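The structure appears below as structure tokens.
The values are calculated or read from the model by the stated rules, or taken from the named source; none is laboratory data. Predicted model only: the values in this text are computed from it and were never measured. Cβ: placed from backbone, ideal geometry, glycine included. Neighbour counts: every protein chain shown. Note: accessible area is taken over every heavy atom of the protein model, side chains too, but ligands, DNA and RNA are not part of it. Shrake-Rupley method; radii C 1.70, N 1.55, O 1.52, S 1.80 Å.
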Amino acid sequence: MILEIFEADGYTLPTDIDVLLINMKKKYAAELGVKKINVLDKQDIKKHKDVVQVLAQQGLDALPLVKMDGKIVPQE
């Protein structure tokens with residue numbers, strides 16, 4: 001399972017990200033690969049058209065966005 005975390009320069013994820021990763025590992029019983037992607041870097045973001053669309057609609061307030069195996073995960 002691959003998690004891609006989309007954030008902007010200077011934005012740090014809440015400290016509960018470790019809890020999220022532990023819970024996901026327990027729930028899905030799979031090894032997790034985690035990759036952070038800077039949405040302000042054109043090279044990093046160009047292949048994530050769905051994330052670009054969300055950012056165009058909601059702006060940086062939508063961050064952090066998380067994709068799991070290529071699909072955006074609802075923030076709940």
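Filter the stretch 22-37 down to residues that are open to solvent by less than 80 Å² (accessible area, probe 1.4 Å) and out of contact with any strand residue (DSSP E or B) (no Cβ under 7 Å at 6 or more places or on another chain) and give me whichever is modelled with the highest pLDDT.
Residue satisfying both the conditions and the ranking: MET24.
Can you pull out every residue in the stretch 48-69 that is open to solvent by less than 100 Å² (accessible area, probe 1.4 Å), outside any strand (DSSP E or B) and either free of Cβ contacts under 8 Å to residues at least 40 places away in the same chain or charged (D, E, K, R) (or both)?
So in the stretch 48-69, the residues open to solvent by less than 100 Å² (accessible area, probe 1.4 Å) come out as 48, 50-52, 54-56, 59-60, 62-69.
This time we only want the ones that are outside any strand (DSSP E or B), so: 48, 50-52, 54-56, 59-60, 62-64, 69.
Listed by number, the residues that qualify are ASP50, VAL52, VAL54, LEU55, ALA56, GLY59, ALA62, ASP69.
Being at positive phi, of a type outside the set (Lys, Arg) and modelled with pLDDT under 90 is the requirement here; does ASP44 meet it?
no
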